Structure formats: C-alpha cells, structure tokens
1. Listing B:292, B:568 from the residue with the fewest other Cβ atoms within 10 Å to the one with the most, what is the order?
2. Report the gain in length on full extension from residue B:630 to residue B:270: 0.36 nm times residue separation, minus Cα-Cα distance, nm rounded to one decimal.
3. Nearest 5 percent is fine: what portion of the DSSP beta bridges confined to chain A is antiparallel?
4. Enter the mean number of other protein chain beta carbons within 10 Å of the beta carbon of each residue in A:142-154, as an integer.
5. I'd like the orientation of helix A:79-95 relative to chain A: the angle between its Cα long axis and the longest Cα principal axis, in ° from 0 to 90, rounded to 10.
6. Over segment A:517-582, one equal point on each Cα, no solvent: what is log10 I(q)/I(0) by the Debye formula at q = 0.12, 0.16, 0.18 Å⁻¹?
7. Let me check against my output: what whole-number percent is the relative contact order of chain A, with C-alpha pairs under 8 Å and at least 6 apart?
8. For n ≥ 4 DSSP H runs only, could you compute -39500 (n - 2.57) per run for chain A, divide by its residues and tell me the 222 nm figure to the nearest 500?
C-alpha cells in the first residue's frame, strides 16, 4: 500500500494514500468530531461537523470524505474551523426540539456532546418553531422526528447494511423528514424491526421503548456475547444495569454480522413472556412440587443408574451450548453407552466432510443459489447478506416453494425439480455460493454436489447449535418406542410441544431440563431449571462451524443453572468423573466439534 | 429513411433539407416554441391553416422555434420565391387574413412586417445564401433588415444558430445547415486526441456556469480509467427567468446530439444521457424525436459513418428540483435515487454516474461543439475576449423593453445588452441593477454597467455568469426584497442534505423577511454576513456555497438600502409594504376621484375637486391608487 506523508495540526503523519483525513487522524490519535459519520456506514459529508482547514483548498473540507494525498497540511481546530463548527451546531440545536434534559439520550447523545465540546450555551436563532410528529407505531422503538438531525445514518443503515431500503427522506430542505416506504407509518411499513437504525442514531430521534429513561450508558455494563437465536451466530452486547438486561446491541466487531442484528436477536428475547422455572421440580403424588437441586438430581441419578442403557433415550435441543452438548454426549453416549439419542430439530443434509465455504463468501459472490432454506424466516441476518449482494448486482436464484421470503428479491425462482437448471447457471458464474437448508431433498443435494470445487457451500441450519449437535451425533435418528427413561434437554427452545413425546410409552420416566414452563414440562417427572441466554457462559457453534463465546451478563433467575452445569452436577451425582472448569470443557468441546 | 454512412448520403439529405428550407413555392413559418405558444402561436397557426385551405393556396405551412425576440411573438415568417424573408410580429388570428392577402398577392401593403432577411447564414458551412436574386422588390424597401433591428444588431449566433431558422421536426433541414457534417469530419478525418486539442485550442468554457475549460474536462475524462464512460448533457435549467437551454433543446435539438456524439467519440464514451426537467414537455418531445431521427439515419447506434464507433443517447427526465442541475445531484438522480449532491473530492470525470468516468456539459456547450469542429478553433477563439472565447446566450428579462433570448460575443459591455439589445428601461425609469447567474448569482449595480460580460469579470464583481439568466431591475426595485426573493427560492429548493444550506438559508430567509417586514433588529446585517461566510465555507455543493450570493452582492453594492430598512424602517424603493405609507399630495391632487373609485378597500375619501385623503388604517398598500393617478399625486414614503 502506498503511504503518503501529511501534516495534521503540525504533527507529521504517514498514512495509506486514499484513506480519508478522518481515518488518518484517528490512526494518529487526533480527534476530529463527527455527527453524520459512522464507522460502519459509507460517509456522506452531510452534517459538516468534521470540517477541517486544508491548505490550498478554497473552502473548508469535510474530513470524513476527503481522501489524503501526499503533502496535505491540515488544521483540525483552527479558529476558522471552530467557528464553522459552532455555526453548524447553533443551527442544529435550533432546528428541532433539542431540549436535552427531556430526552432519554441525554448524556449519551452525540449532538449534546458536541454542544458541550464547543460551548453551545445559548440559542442564536429562534428555536423549535415547527412541530413534527412522533411515530410510535412500531412495537419496539419509536421515531421522534423532533429530535432528528437528518444525518441520514438510519437511512444508510437500512439501505446498505440491512438492504431493506425501508427508510428514506421525504420533502426537501428544512422540511425534510425521515420516512418509511412511501410515507407509511413505521408499523405498517416494510420495516423488519432489526433495529440497526436505532443503534446508529446519534440523538434521541430513534428511541428504544424498553430501555428508554432507564439510565445513562455510563451507569450500565456491556457484556460481549453471541446471539442464541439462530445458527448465524451474531456477535452482540448485552447492556445491563443493576442485574437487569436493558437492551441488546449489535457488536460492530462481529465476525459474521458486522454489527447487524435481527428482530429475534435484538428485541424478542427482551419481550419473552413465558413463565420461568425457578427451582427444580419433582413429581409427587401426580403433582410437580419444588425441591432442591440435591433432591432432584438424586432422583434422576437413581433412576438413570438403575435403568438399562437400551431403555434410556436422550433428546436434545440445539439451543444449548457446546459444553452442554459435549457433556450430554460424554455422560450418556460414552459413559452410559446410551445409543438412542436424538435432536429436536432437523439438520441440513451433510454434503461434505469439511466446510466448503463461509457466510462471508455471500458478499463476494456473483450468483447466489438458495436451496431449500428460507433465511428471511430462519436466519434473518444471512438474508441481509444475500440482499446486500443482490443490491450490488449479484444474481439470486431461489430453489424453493412459493412462500420463500427471498423470492421477491430473486432473479429466478425455481421449483425443487428444476435444481439442475439452477446448478447449470451457477456453474457459469465466477464466484457462485450455495446456501442450502433442511428443505433440500436428497436428489437435489446430489445435484448440488456437481459444483464442488467451483462454488462455496454454506448449510443454513435451523436451530442454534445444530452444527455442534450433529458433530456430537445427536441427529442420527431417535427411536421413541423403546424408551422407558427419557432425558429431554429442552433448554429455552420455544415451539416444541408434547408431540416431542410421541411414541414414548406411557409410564416412561421423563426428565426435562428447561428454562420455561410449557406443556412438555407438565409431562415431566423431574424438571431441572435452566439458565437462559443472558445468564450463562460457554460457547456456540454457528452454521459455518465457527465456535464463538457466550458470556453471562446477569445472574440466573431463581435457582436456575447453566445448561452444562446441570449435566455436570448430574454426572457428579452418578459418580462419573466429568467435572472440569468451563475453559477446560470449552476446549474439549471445541476439539470434538472440529 | 435509410441510414447514412457516406458523405454522398449526407449530401443527399442536405439537398432534401435545402429544398425544404427554401422551397420553390411560398412557405409560412410560425414560431412554435414555448414562448410562441404561450403568446398564442397555436391559434395563429390554426387560423393560417384554415385560411390557406379556404383559399386553396399552394403554400407550405410549418413550425419553427423562437429566434430570440420573445416580446414580439407570435411571429409569422414568410418566404416567397425571389423575395426576402419577411417577419410579421405580434400576430393574432385576426391579422391572419391580411397576411394571407399579402402572400397571395406577393406584395406588402397595409400591415407591415417588422423586419426582413435578405440572406440566411449557414454558419457551419461558412456561407450565406440569399433569399432572392436581382434587385430588392420595391414594396419591402422601407422594412428594416434584421441586422438593423437594435435587438439583433450586436448579436452573434453560434449556439442558437438554427433556432427559429429551421423546422425543428426536420433532421434534413438541420443537415442542410451543415449539421452532422462536423460529425462526419470528426469520425472519419480526426483522431479523438485531435478533437480534444481542437476544443482546448478553441478556448470553449463550460456554459453551465462554472466556466471550466471543456476540452480539459474531456481530456481528463478520456484519460480516466474504465472501459465504460458516459457523456451527459445537463438540460436541468432551473434558474427563475432563464430559458436558454430550453430554447436550444426545443429549436435545435440536433446540435446538442451532434455535439454529444463528437464528444463521446473524443472521450471514448459508450453511452450518453440528456437530463431534462419534465417541466419542459416540448423540449423532451423534440429531443426524443431528434434522437429517433438520428438513430434512423445511423448517427446513433453501431458503426456510425462506418467508423466502428458505437454510441447511443437516452433521455433522463428530472422532476424539476433546482439542485439536480448540480453535477453530482444530477448523476444521483439519473441513477434513480433522490437527487442529492455527493461530496465530490474525486471529480465526476473519474467517478461520476454509477461511479464511472462521466463528462457532463450543459446544453449550450454541446451545441457549440459542431460549429467549432466545422469552422475550427481559430475561428471560434477569434470571437469573444481574452480567456473567454465564443458567445454566450442570455435570457434577458425583467424591467427592460426588449425581452428575449440574446446571444452575444463574450466581453460585450453590460450596458450594450441593456440599452441597445434590450432597448433600455420601460417607462423612462432609471436602470438600477442587473441580476446575473440565477439565484446563486449576484446583482451588478448601475455603477458597473461598463463591465465586460465574461466569466472572470462577473466573478470579480461578486456575481457570476451562471447558465445565463439576466434579470434587469429599475429604480422601483428594492434590493433587499430581491435578495429575499432569491433566498426564498433557494430555501425552497435546498435539498436538505447538508446543515449550512438547509438551516442557514432558512434562517437567512427568516431574517430577511423580518427586515422587509419592518422587524429588522440592529445587528441583523452583521449576522447575515457572518452566516453567509459560514454557508460559503461549510456547504456541501456549489449550490449551497453560492446560496448567500444574492445577499452578499446586494450588501456589497446596496448596503444603504439594508440600513434604511433596519435602522430607519424605510424602504427607499417603496416596495416593502410594512415600511411604506401612501398619502396624497396636496399640490398635485386635482380631486378627480379615479383613485377613490379604484381603491379595493375604499379607504380613499374626498369630495370632487378637493384633495383626497387615504385612511391609513384601512390601506393595504396595494399601489392601485399610485398606478391609476394621472397627476402623480400619490406619495409613497
């Protein structure tokens, strides 16, 4: 890379040619204030807060858009620059309702911070003469137009990061307003409530309903973790205050998602209204009654100890950690020689022994084949990656039923029978990528194999940790008829009812390890309360085989314990020596997954 | 129509065209561009057609566009064998029978033509063709020739060479005027570099306002990396009172197309786009027809003139946002997005439309190109003044006698345009200032009326050439009010992307409204100045950074008017209603009662032959009394 020499505030700096003044300054530790600029978004130079003086230029220059060339001499805080910034801030503060103390963002607002930095202590112009509406029609967050500075971050995030293009600008000049679709309310619009706009908004214009007015950022703790909703494995931050989860943010450093989350990852977990199980339960005289851990584990250990391995069945949800799956496999399959194990969700067909691609290949591709998978429904962030690629001119071919969520964006939509045609087209592309899921029948899968070596393949698994569960052999077929004792690791999975017990004989002894009360736990003889996503540490394996850490942000509710911890305690009760530190368990689990 | 691939084919088309320009029988032309239609040309055209049919005359009736002098439209021109071309102005349907009478007789008597033309200039061919041979017929001797009409005397027509001269529906007539011969020359006899050198040598500067040397721009674009390049034509004329580009697009669309093809060949472009505002329906229609004709003749498409060069042009219609005339906003709009400017620290000749090298020139610039190629750089640079070669088209409007489109050599003194071409100020009033360069231009005061009209001199004077609007103001114009008017326009047209323009212009407008409304505060003028500086320094695009110009230039030359408004609460020009007071002069009032009858609020009272009185509480300051008073007895102060 060609390096050039520039001077900022008298300091000589060497930086790669063509990067912006802003980036060069940041690399050298020089702070240039910004407002409309966001590291994850392309710069537009709209707010003009980052203007700097560049020798030889007729006017002030926005640092966020100006590429550096050799010999540039830049002043970032000269009197002229400071005056221009104050002028901008004077106008921004008087443009709409920026009475900071009534805003939930007060203390965390980028506009307010700039106001303090440049001593904006009074209004130069008459302020807030026009009222704009507030749109609260969306479930999770609202749009307070009166606090909008029209920086366009939300619009860019919606268009370029999520490729949803819901947000745009309406009207012109000072009457401009962010709007959804052709001026629909946000609730009625094509908005997918991913909340990316909310996360990039510098002021209180986009306001999270749940965490509003619950504290400033400095009063909170941020814990980096991985989303447990689906198999994409988005990196995120859990924001807590006083042991309560306030909100979830996308982690801009996330390897897979790059900061983007979906509704299921960002909002739904905070709106979970299911009843938690807060203590172990044992069935006595036909009723489940609370017990302590010792009693409950004793009952399970005793039962399992007596049972014949052939009569024991294990069913696991994929919504548990690698460590739990490892211990489950170790305890039942390896130690107790239980062969009848199963997975609560279907797994995508295994095409190859080794991974043949990653989600990052999507954006490098020119043709994307989606076969028997609906990422819009099951792996939304993966669908964002696909739509982003389509925006850049990539061709999308969907081979699936009529109701596939990606069909509207597809260049070609084919039934499963025409897989051959899709494979032929993909074969002609330079960098095809194949995304396939559980909906692809065997014949189709074999047709796809023709592209081996040419295309990148990514299985879009349903569930969360399906890939790890498959690696531990949980997807090999489960025969319910022989089961007299069932260990059901339900976890926090939703949508699985009593049909999971179909075929299991009456009188079978059922142990359910679960976070929430459900018809299934009602059927159990022992219920072991499990910690949920925000309450446990460990690791998850995403659909590409990437192992990522999850971290505990708050204490478990009641007596609930982490998934792996429960199995570890059970093993201890059964005198099986499996106990180890979490780090040790993670390392062993990872070893097994690879 | 068969395709034209050789010079022979082209000559055949030219012959056809010439027969249609000067036919062997009588030809009547009606100026049917927007200006003509607005003054009733369609009615005149229909009446002519009916009259010709009624009398069973063997006459060709056709349409042409405006030649420039819009104040005398509708214009009907008659070409008869061996007679000069005659122009009947301010035509109405009622006058049609009389004109047809003269045509039938072949003699002028009674209703007189305004001017005559003895010969027609074929600029690109460098020749003049007479309309008649032999002596001048007696009946037309006392009709002035066009070169003796004040309005046309000092004009030199290059970009508008064919406007009003040919039927804009006929490609053959354009070819007959030397059209597409330049293209033939460029494609078959010149190398792209040669063409660029020729344009550089001609000194042609972009007529869109910036005045950047066109040839240099082409060269940069040619050298830019990329297989796909674009040439673009900016027809998004949005300045109030400006219609130069519209007239060329309506009257001579082929000159733009030919210029673009030559430019594309020189640059190595594969596709062209003409961006026109959809409020110009006639321009869009005429351009579309012209493109279809050019395609049918093979001037657009593959292997043009067997040169192996492929090129085509599409029209992009704009929704009429002022900001879309700015290069990057125009390109964003062409891409199908909302027309907002982009930060362009990398020039659009390198990263333009769809991030590909794009060369944007305006209508007038493109229209000049064929003339330069055919007549040569030396000829072009001999017209005009230093560093400003060629001509510039202006739309001369406002408080001036002759309103219309004028094309003058660069460097002509401003006063020549106003007093000679424009015929001075109506009503014997005094010339005060002229606004050039559109809303983001500035005002040039009477004291600078000797200024040379060129890019550099206007810029130095605090105004700019802009695309060529020229609004003349007389002593009854309030300069603060004018600044307010333009800032009002700019506030409305600000796209809202960057803060200085979106908010700054709005705030400036509020302050100007206050000043004009009698609510000016001490310090307002200084605040306007410091805000202007902030906007100039901080705005994203050129339209934003020039937005304070109307205020800056009026402050520069008419600061006393601002002071009068703010400090003395007076409007010296008597325009700002909140600051003026109507009263009746005791000496001059004859008590005739006219004002009393005309007053819409009935606030004037008084007996016959006694001085009338205006009730100040009821007066709405409409000025009707002043207009109706024959004795100049209404005092405005």
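1. Working: B:292 13, B:568 10.
So the ranking, lowest neighbour count to highest, is B:568, B:292.
2. Details: separation 360, 0.36 × 360 = 129.60 nm, distance 6.59 nm.
Stretched out fully, the residue B:630 to residue B:270 stretch lengthens by 123.0 nm.
3. Values: 45 of 83 bridges.
If I count the DSSP bridges inside chain A, around 55 percent turn out antiparallel.
4. 1
5. 60
6. Result of the Debye calculation: -0.41, -0.70, -0.85.
7. On the way: 1276 pairs, mean separation 76.2, N = 594.
RCO, chain A: 13 percent.
8. Details: 16 runs with 132 residues, N = 594.
Only helices count here, giving -6000 deg cm²/dmol.
Throughout, read-outs are computed from the coordinates displayed, never taken from laboratory work. Bear in mind the structure is a predicted one, so any value in this text is a computation, not a measurement. All Cβ positions, glycine included, derive from the backbone under ideal geometry; neighbour counts span all protein chains shown.
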